[in-house]
Amino acid sequence: MNTPHVVIIGAGFGGLNAARHLAKAPVQITLINKQNYHLFQPLLYQVAIAGLLPSQIAYPLRTILRKQKNIDFQMGEVTAIDFNARYVRLNGSVIAYDYLVIAVGAETNFFGMQTVQQNGFQVKDVDSAVLTRNHLLNLFEQASREVDPEKRRAMLTFVVVGGGPTGVETAGALAELISQVMVKDYPALELSDARVVLLESNDHLITAYPHELRHATFELLHRKHVDILLGAGLAEYNGAVVTLDDGRQIPSQTLIWTAGVRAAPVLDSLGVEQAGAGRVKVLPTLQLPQHPEVFVLGDAAYLADEKGQPLPMLSTVAIQQGKSTAQNIQRLIHGKSLKPFHYMDPGLLATIGRNAAVARIAGISFSGFIAWVIWVFLHIYRLIGFRNRLLVFINWAWDYIFYENQVRLITKE
Ligand SMILES: Cc1cc2nc3c(=O)[nH]c(=O)nc-3n(C[C@H](O)[C@H](O)[C@H](O)COP(=O)(O)OP(=O)(O)OC[C@H]3O[C@@H](n4cnc5c(N)ncnc54)[C@H](O)[C@@H]3O)c2cc1C
């Protein structure tokens, strides 16, 4: 009767890890998520470029939680939270809590560019990744029967916006899809017309990485024939022509936007202090200043590190914060003082395609084949479920040996 009730909103990296670390705690948990699965977002771009199936990077939550006795899962979208009355609104009713964990993640930020939002593609969830895949594959079909060379070139020009890790990974994988796979599927198509353009408004790619890795990334993409336009701000996209700040125009039927995220919209209605990208300002213990029973974590939370830099929106941050929150909730229950969160940075890693990745681990920067092997095995290891690990491994091994992306299916969304 007196078991404290912990409500966790969001079953991404942060929320799911908080739930799992509370498995043996004297609490009853309700975990709420919009979808009935946990999604491994770092591999979403592989779904968009026809490399993996959504089911290989997502895992049903009820299966993950089957053995955990103190948890109840509810699928749905929390639309409101009342901090004073201590309840959340879900599916037309309310759920009361003693402790609340808000781990709702982020959504794509188009920075108010409506034409880009309307006509561009994004890689943020399963639906948007599958939509992008279908669009890309459809364009090759259309291009194969297009007689006008100008129109064909526009169909085969793929513009990726954002030179961060996701943009770099997407551009590299797209260039390989064309040069290694589509070239075999469309022997009659002049694929020298095909072009992958990477736009970055800064003067360098992957800003958060050290200079030598930025340089290595540039070189690796260049070798894959990706056109990299640095200092190139996007002005608008009407679905047919990409217009840059300086007036330059690129005819293209595809713009993939990877240049920004902002915290999930439900946070805007809470009346709490927000920082850049809509993230909620939290105490070092990840609690809300006015409501010590409420924790916010992962992409949704804004917390600066020892150097005053905001913690990055990364799965590694969310995972560690999930564990820290579970431990702090138990300390609260037992009347102990809480511990502030300290991020243990495991390093940086991004892949640029076959045999090509950049890494910084334990202060050492390296790139190329070794970095790529580490990337492959780390991502397989981090996937949930033995079946998914095996399937992704087989898929990648097959692609590696036979130069095939196996999911070249155009489906109805
Ligand atoms: C394409 C892509 C590539 C990335 N690559 C990397 C990478 O290589 N390495 C890395 O470390 N990080 C990467 N990231 C970032 C990483 O995925 C995020 O930092 C991480 O997912 C944040 O975890 P989270 O728990 O805060 O949120 P999420 O994992 O986003 O989980 C939030 C969950 O909350 C649910 N939700 C949202 N609102 C509500 C609501 N109102 N009610 C109920 N449920 C709700 C969502 O549906 C979602 O399931 C990538 C992200 C993307 C999009």
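The values are calculated or read from the model by the stated rules, or taken from the named source; none is laboratory data. What you see is a predicted model, and the numbers here were worked out from it, not measured in a lab. Cβ placement follows ideal geometry from the backbone for every residue including glycine, while neighbour counts extend to all protein chains displayed. The accessibility values were calculated without ligands, DNA or RNA, using every heavy atom of the protein model including side chains. Shrake-Rupley method; radii C 1.70, N 1.55, O 1.52, S 1.80 Å.
Quick test of your reading of the structure: Ala301 fulfils all but one of (1) within 11 Å of the ligand (Cβ to nearest atom); (2) of a type outside the set (D, E, K, R); (3) over 30 Å from Thr132 (Cβ atoms). Name the failing condition by number. Answer for Ala301: the failing condition is (3). Consider the range 197-209 and keep the residues that are within 23 Å of the chain's Cα centre (by Cα) and open to solvent by 50 Å² or more (accessible area, probe 1.4 Å). The one that is modelled with the lowest pLDDT is Ala208.
Going by what's in this entry, would Leu348 be described as open to solvent by less than 50 Å² (accessible area, probe 1.4 Å), within 22 Å of the chain's Cα centre (by Cα) and more than 8 Å from the ligand (Cβ to nearest atom)?
On the way: open to solvent by less than 50 Å² (accessible area, probe 1.4 Å): yes; within 22 Å of the chain's Cα centre (by Cα): yes; more than 8 Å from the ligand (Cβ to nearest atom): yes.
Judged against the criteria, Leu348 is a match.
Looking across Gly76, Gly14, one residue alone is over 30 Å from Arg408 (Cβ atoms), within 8 Å of the ligand (Cβ to nearest atom), open to solvent by less than 60 Å² (accessible area, probe 1.4 Å) and in contact with a helix residue (DSSP H, G or I) (Cβ under 6 Å, 6 or more places away or on another chain). It is Gly14.
Does any residue in the range 303-322 that is closer than 18 Å to Gly278 by Cα come within less than 7 Å, Cβ to Cβ, of a residue that is in a loop (DSSP other than H, G, I, E, B) and away from the ligand (no atom under 15 Å from the Cβ) six or more places away or on a different chain, and which pairs are these? What qualifies is Leu303/Pro284; Leu311/Asp305. Looking across Val6, Val101, Val47, one residue alone is aliphatic (A, V, I, L, M), assigned to a strand (DSSP E or B), open to solvent by less than 30 Å² (accessible area, probe 1.4 Å) and within 13 Å of the ligand (Cβ to nearest atom). It is Val101.
Which members of the range 183-197 meet the condition of being more than 18 Å from His222 (Cβ to Cβ) and not in a helix (DSSP H, G or I)?
The first filter runs over the range 183-197 and keeps only residues more than 18 Å from His222 (Cβ to Cβ), leaving 183-191, 193.
Tyr186, Pro187, Ala188, Leu189, Glu190, listed by residue number.
Sub-8 Å Cβ pairs linking a first residue in the range 137-155 that is over 19 Å from Lys184 (Cβ atoms) and of a type outside the set (Ser, Thr, Tyr) to a second residue that is modelled with pLDDT of 95 or more and open to solvent by less than 10 Å² (accessible area, probe 1.4 Å), at least 6 apart or interchain, are Ala154/Ser252, ordered by first then second residue. Applying the set (1) in a loop (DSSP other than H, G, I, E, B); (2) open to solvent by less than 10 Å² (accessible area, probe 1.4 Å); (3) more than 8 Å from the ligand (Cβ to nearest atom) to Leu31 leaves exactly one unmet item: (1).
Hand me the list of strands (runs of 3 or more DSSP E) wholly inside the range 210-274 holding 1 or more residues that are under 23 Å from Phe110 (Cα atoms), at pLDDT 95 or above and within 16 Å of the ligand (Cβ to nearest atom). Break it down stepwise before answering.
Details: elements: 226-230, 234-237, 241-244, 249-251, 254-257, 261-263.
The strands (runs of 3 or more DSSP E) meeting that bar are 254-257, 261-263.
Within the range 310-318, not a single residue is part of a helix (DSSP H, G or I) and either charged (D, E, K, R) or more than 10 Å from the ligand (Cβ to nearest atom) (or both). For the range 79-96, residues that are in a loop (DSSP other than H, G, I, E, B), touching a residue at least 24 places away in the same chain (Cβ under 8 Å) and either within 14 Å of the ligand (Cβ to nearest atom) or aliphatic (A, V, I, L, M) (or both) total 0.
Can you find a residue that is open to solvent by less than 40 Å² (accessible area, probe 1.4 Å), part of a helix (DSSP H, G or I) and away from the ligand (no atom under 16 Å from the Cβ) anywhere in the range 156-173?
The answer is no; no qualifying residue exists.
What residue, among those in the range 104-118 that are at positive phi and surrounded by fewer than 17 Cβ atoms within 10 Å (Cβ to Cβ), is farthest from the ligand (Cβ to nearest atom)? Only one residue tops the list, namely Gly112. Of the residues making up the range 200-255, those that are within 20 Å of Asn119 (Cα to Cα), among the small types (Gly, Ala, Ser) and in contact with a Ser or Thr (Cβ under 9 Å, 6 or more places away or on another chain) are Ala232, Gly233, Ala235, Gly239, Ala240, Ser252. Among the residues of the range 371-395, those identified as more than 18 Å from Tyr209 (Cα to Cα), part of a helix (DSSP H, G or I) and among the β-branched types (Val, Ile, Thr) are Val373, Val376, Ile380, Val392, Ile394.
Modelled with pLDDT of 95 or more, surrounded by fewer than 17 Cβ atoms within 10 Å (Cβ to Cβ) and in a loop (DSSP other than H, G, I, E, B): is that true of Lys339 in this structure? Reasoning before the result, please.
Numbers: modelled with pLDDT of 95 or more: yes; surrounded by fewer than 17 Cβ atoms within 10 Å (Cβ to Cβ): yes; in a loop (DSSP other than H, G, I, E, B): yes.
Spelling it out, Lys339 is indeed modelled with pLDDT of 95 or more, surrounded by fewer than 17 Cβ atoms within 10 Å (Cβ to Cβ) and in a loop (DSSP other than H, G, I, E, B).
Per the listing Val376, Val392, Val358, the residue uniquely within 16 Å of the ligand (Cβ to nearest atom) and closer than 28 Å to Lys67 by Cα is Val392. Of all the listed residues (Val317, Val294), the sole one being β-branched (Val, Ile, Thr), more than 20 Å from Arg331 (Cβ to Cβ) and surrounded by 18 or more Cβ atoms within 10 Å (Cβ to Cβ) is Val317.
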